[in-house]
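The following block contains the structure, expressed as structure tokens.
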Amino acid sequence: MRVRHADPERDGAACAAIYAPAVLEGVASFEERAPSPAEMAERIATTSAGWPWLVAEREGALAGYAYGSRHRTRSAYRWAADVTVYVDAAHRRRGVARALYVALLELLAAQGFHCACAGIALPNPGSVGLHEALGFVPVGVYREIGFKFGRWWDVGWWQKALPAGDAPTPPAEPRPPGRLPG
């Protein structure tokens, strides 16, 4: 498996195809209309300006993707990043999500982010297990926060402290996204 930075033109269609079932058939996303390949390419380009967007290639196919994004718009939140991962159904339970998250979390830490936050529509034992295995801890639940498929859904929040080394107080401003080696 190879983890690399996403290229909007090269990876937009494959990321859109991986994401569509989460939108159309599940509640991993609260979107109700799946984005087109062009829309996904634009999301990759826009997000990559401030946070890493990574893809995993496995057996000649794009197996999954993960990215960081703004946690909240208020300035005091700028050292927190939300993280998201999606894996193609044919490649689940093969370490794709873990490999993507390990690389993503390292890049976010190198940028100067203090913590990573993940929202998970509940119930989702697979996603909860993945996040907790990677050191995320539960911090709370928004009850009945999203309405999709004719019912209300809870969203649990998990958080992981990112290694900061000898971070100054106050912390340095987050830096632009770095690159994976190689």
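Coordinate-derived values only; no laboratory data. No experiment lies behind these values; they were computed from the predicted model shown. Note that each Cβ is placed from the backbone with ideal geometry, even for glycine, and that neighbours are counted across all protein chains shown.
Averaging over every viewing direction, what projected area does the convex hull of the Cα atoms of the stretch 2-161 cover, in nm²?
About 9.1 nm², averaged over all directions.
Can you give me the C-alpha center-to-center distance between the stretch 3-74 and the stretch 120-182, rounded to a whole angstrom?
If we compute the Cα centre of each part, the gap is 17 Å.
Taking the Cβ of residue 58 as the center, what net charge do the other residues with Cβ under 15 Å away carry, scoring Lys and Arg +1 and Asp and Glu -1?
+2
What distance in nm separates the two pseudo spin-label positions at residue 172 and residue 72, each 7 Å out from Cα along the beta-carbon direction?
2.6 nm
Just grab the label-to-label distance for residue 9 and residue 46, each label 7 Å out from Cα along the Cβ direction, in nm (one decimal).
Label-label distance for residue 9 and residue 46, simple model: 2.1 nm.
Would you mind ranking 152, 79 by Cβ crowding within 10 Å, fewest neighbours first?
With the sparsest Cβ surroundings first, the list reads 152, 79.
Please arrange 29, 36, 75 by counting, for each residue, the other beta carbons lying within 10 Å of its beta carbon, fewest first.
Listed from fewest to most nearby Cβ atoms, that is 75, 36, 29.
Of 1, 40, how do they rank once you tally other Cβ atoms within 10 Å and put the fewest first?
Result, fewest neighbours first: 1, 40.
Length gain on complete extension for the stretch residue 24 to residue 92, per 0.36 nm per residue less the alpha carbon to alpha carbon distance?
Net length gain for the segment: 22.6 nm.
For every other residue with a beta carbon closer than 14 angstrom to the beta carbon of residue 72, add +1 if it is Lys or Arg and -1 if Asp or Glu, then tell me the sum.
+2
Report the net charge of residues surrounding residue 130, where surrounding means a beta-carbon distance below 13 angstrom and charges are Lys +1, Arg +1, Asp -1, Glu -1.
+4
Which order do the peptides 128-137, 96-105 come out in when sorted by mean C-beta neighbours inside 10 angstrom, highest first?
Descending packing order for the listed peptides: 96-105, 128-137.
Please report the relative contact order for the chain, taking Cα pairs under 8 Å with a sequence separation of at least 6, and give it as a percent rounded to a whole number.
Relative contact order, the chain: 21 percent.
Of all GluC sites (Glu not before Pro) in the stretch 1-83, which ones are in loop regions per DSSP and have a Cβ with at most 15 other Cβ atoms within 10 Å?
Taking the stretch 1-83 and a limit of 15 other Cβ atoms within 10 Å, the loop GluC sites (Glu not before Pro) found are 25, 31, 32, 59.
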